[in-house]
Amino acid sequence: MQEENKAAANGCSKIRRGAQNGAALLALMEKTGYSMVQQNGQRKFGGPPPGWEGPPPPRGCEVFVGKIPRDMYEDELVPVFERAGKIYELRLMMEFSGKFIGVCVSLDNCRLFIGAIPKDKKKEEILNEMKKVTEGVVDVIVYPNATDKTKNRGFAFVEYESHRAAAMARRRLIPGTFQPWGHTIQVDWADPEKVVDEETMQRVKVLYVRNLMMSTTEDKIKAEFNKFKPGVVERVKKLRDYAFVHFFHREDAVAAMSVMNGKCIDGASIEVTLAKPVNKESSWKQHFNGQISPSSENLLGFPNKEDIQKSLGKPASLSIRLNGQHSPAPPEVERSTYPIFPGIKLTPISMYSLKLNHFSSAVMHLDYFCHKNSWAPPEYCLYSTTSQDGKILFVYKVLISNIADDSQSCFMPEKLCTTVEDAKELAAQFTLLHL
């Protein structure tokens, strides 16, 4: 009986609190003139506010606030946030109670990554298919296959008019619920594009050239870009089907970009943009994803061997052998272990659904990279020899097969290791550097 009375009292208390909150929210709307609607599990206050004219605020004007106590509502939150400036829109979702709130700039990501797309589909076909099932599609970015320009690389990026449109599309496209062309696609947020300030971009004198033929040489690229004004190109660095063209002067780089964009080199229509400076770590992660952004290896760096050591956190013995130096190796990536308590639910998961920061091994990185590019898994061939002091030394040869065109590439480092594990890790690092 006591339990029933207690439950009834709690119920009455919740009703009273609900009525009080409702009255407070009505008072807030009357005072401010803002509207309030409930949509998709969140309550939206404003958007736009009364008397607003013109387009919504641009990207970068939104912040995310987490860990708001569950018993706080708009009538308490709005006065706090208004101290920073006029509110355009507030979308309220509840978080854990009893902690300090956290505030950070909202990513406002408007781009989705769509994987496992049939390689014979053109941009227009992918764009039309996405528009059929999602709303707010602005554009589709499709990269041609490095060896066969008539095919795509098996993935695309879909740009939406707003973060909300992209979020709703991501929910709609969850694997298994939608199968374009009879294929189960992969859907995830695309890595946010690096935003570089205008002052930095005004100093860039390097061009990013995309969609080149694999057979096109650096000398050919330099000759083509020197045609409009001889001697302006300092050097060219080509990697697979893209390249960075370095100019002596910025004005020549800007002029060349205008002249060369859309031109044909060895039968391929190239795309030319100013290279975006990015830090080495993010550039390396994008390179692993096959999504390297227009950046220069010297502007703020393409990854070198030392960068990979820092990224992967390899043991000192392997770092010394790889660098050919005897300097201290970078510290290992921090790892933690947690106990498995009774009742914890364990869910089967594929490594290919993880993010790169879950891997600390070059061997795992290489396997992930091959999968993302729709290549066959890397093959490791072990070789050994005996050193002068009688030690057995090991080296791996790595074979990478491209399923699309039956081509095969071979990679083998020029260093031997005393353990099989180190030899395999070294071979994977070497291969990633040369892909």
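The values are calculated or read from the model by the stated rules, or taken from the named source; none is laboratory data. Since we're looking at a predicted model, the values are computed, not measured. Every residue, glycine among them, receives a Cβ derived from its backbone with ideal geometry; neighbour counts consider all protein chains shown. These accessible areas exclude ligands, DNA and RNA; they are computed on the full protein's heavy atoms, side chains included. Shrake-Rupley method; radii C 1.70, N 1.55, O 1.52, S 1.80 Å.
Got a number for residues in region 244-271 being open to solvent by 80 Å² or more (accessible area, probe 1.4 Å) and closer than 13 Å to residue 206 by Cβ?
The number of residues fulfilling the criteria is 2.
Pick from region 150-194 the residues that are β-branched (Val, Ile, Thr) and surrounded by fewer than 19 Cβ atoms within 10 Å (Cβ to Cβ): which of them is modelled with the highest pLDDT?
150
Whether any residue in region 76-92 is at pLDDT below 80 and outside the structural domain of residue 160 (by the TED database) is what I want to check.
There is no residue in region 76-92 that is at pLDDT below 80 and outside the structural domain of residue 160 (by the TED database).
Yes/no matrix, rows are residues, columns are (1) surrounded by 15 or more Cβ atoms within 10 Å (Cβ to Cβ); (2) hydrophobic (A, V, I, L, M, F, W, C):
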| position | (1), (2) |
| --- | --- |
| 212 | yes, yes |
| 218 | no, no |
| 221 | yes, yes |
| 227 | no, no |
| 231 | no, no |
| 235 | no, no |
| 242 | yes, no |
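Among the residues of region 30-89, write down those that are of a type in the set (Val, Ile, Thr) and either part of a helix (DSSP H, G or I) or crowded, with 16+ Cβ neighbours inside 10 Å (or both).
Within region 30-89, 32, 65, 68, 78, 80, 87 qualify.
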